[in-house]
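Structure first, commentary second.
The numbers here are math on the coordinates, done by the rules we state, and not lab data. Note that the coordinates shown come from a computational prediction; the quantities given were computed from them, not determined experimentally. Cβ: placed from backbone, ideal geometry, glycine included. Neighbour counts: every protein chain shown.
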């Protein structure tokens, strides 16, 4: 049903581990594109998912990060420790610079269940014909902004089809509006002819190793609005000071004050998730845990919000 797309940075992997019970209970399937050379965090995450008997897609040919030129160590890790774990699916990222022969070679290289991640590859007809008799390709995951309906129809025979939409508008924190539309795909993926949907949570598709100095601290939290046909929107709680990178702890406190004020309003629509409870505790303790930790809380809140939606 829900396929959240993670880059394998530290706090993304921690988010997956801490959310594993919810992912398992709701049959959510995380997609992980490992980007860091050090694989200990990935292994801990996969161990956690396997312990919860949760399905996951691990991309074995990352196109960004430390494994983009050579993913042999990544593949060796999965083959060595997870060869018998049927709930771990190999994801093959198909990008715009890839030729048909290379894509077909990847599909034939692995003797286990495969998910194709369509992320800019253009020769759909040729690829679909070339792999039509391969029985281990079970899933097609489409990046909505890189492949349209005419492309998608060539892979309609796959048992699962997933549409991934990037709902997070990438811009400077200071330029975010207080509230904006995020997505309706959680409510409309069936109308799109899909078996599931995905997003890049509150991080967005654009990848960067580090965010640079934070002139504006922002807390990004999603919510589902029952007064707007269950659309998902996102609120951006921003620090008051936005002119220098100094005092991130103080600026986090400013953003957090805005969040707590909003939570106490009668018209608040943010779900009271475990992350919201922790934001309340951070406010009470006047503690700044670091930006990575704050992002983790926002990602967990997003997952719990969608889990509650499907509980209905």
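Summary of computed values
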read-out	value
Inter-label distance for residue 228 and residue 206, nm, one decimal - labels placed 7 Å from Cα along Cα-to-Cβ	2.2
Förster radius 22 Å - calculated FRET efficiency between residue 169 and residue 264, Cβ distance, rounded to 0.05	0.20
For the chain, alpha-carbon Rg over 2.2 N^0.38 Å	1.02
Residue exposure sequence - 273, 179, 222, 244 - by fewest surrounding Cβ within 10 Å	244, 179, 273, 222
Rounded to 10°, Cα long-axis angle of helix 291-311 versus longest principal axis of the chain	70
On Cα atoms only, tilt of 100-109 relative to the major axis of the chain in degrees	90
Ranked by how many other beta carbons lie within 10 Å on average, peptides 150-157, 28-35, 138-145 from highest	28-35, 138-145, 150-157
Simple label model, 7 Å out from Cα along Cβ direction - residue 122 to residue 10, nm	4.0
Full-extension gain in nm, residue 145 to residue 44, via 0.36 nm per residue minus C-alpha separation	33.2 nm
Degrees, to the nearest 10: 248-263 long Cα axis against longest axis of the chain	90
Percent RCO, i.e. relative contact order, over segment 39-145, from Cα pairs under 8 Å lying at least 6 residues apart	23
222 nm mean residue ellipticity, helices alone, for the chain (DSSP H n ≥ 4; -39,500 (n - 2.57); rounded to 500)	-11000 deg cm²/dmol
Contact order normalised by residue count of the chain, Cα under 8 Å, 6+ apart, percent	14
Contour minus Cα-Cα distance for residue 244 and residue 101 (0.36 nm per residue)	46.4 nm
Additional length obtainable on full extension of the chain from residue 191 to residue 17, 0.36 nm per residue less Cα span	59.5 nm
Virtual paramagnetic centre 7 Å along Cα→Cβ of residue 179, amide N under 20 Å, in segment 224-260	224-240, 255-260
Segment 200-301 shape via C-alpha gyration tensor axes, a/c threshold 1.5	oblate
Residue 312-residue 283 pseudo-label distance in nm [points 7 Å out on the Cα-to-Cβ vector]	2.4
217, 14 arranged by Cβ crowding within 10 Å, fewest neighbours leading	14, 217
Residue list for segment 95-127, given a label point 7 angstrom along the Cα-to-Cβ vector of residue 87 and an amide N cut-off under 18 Å	113-115
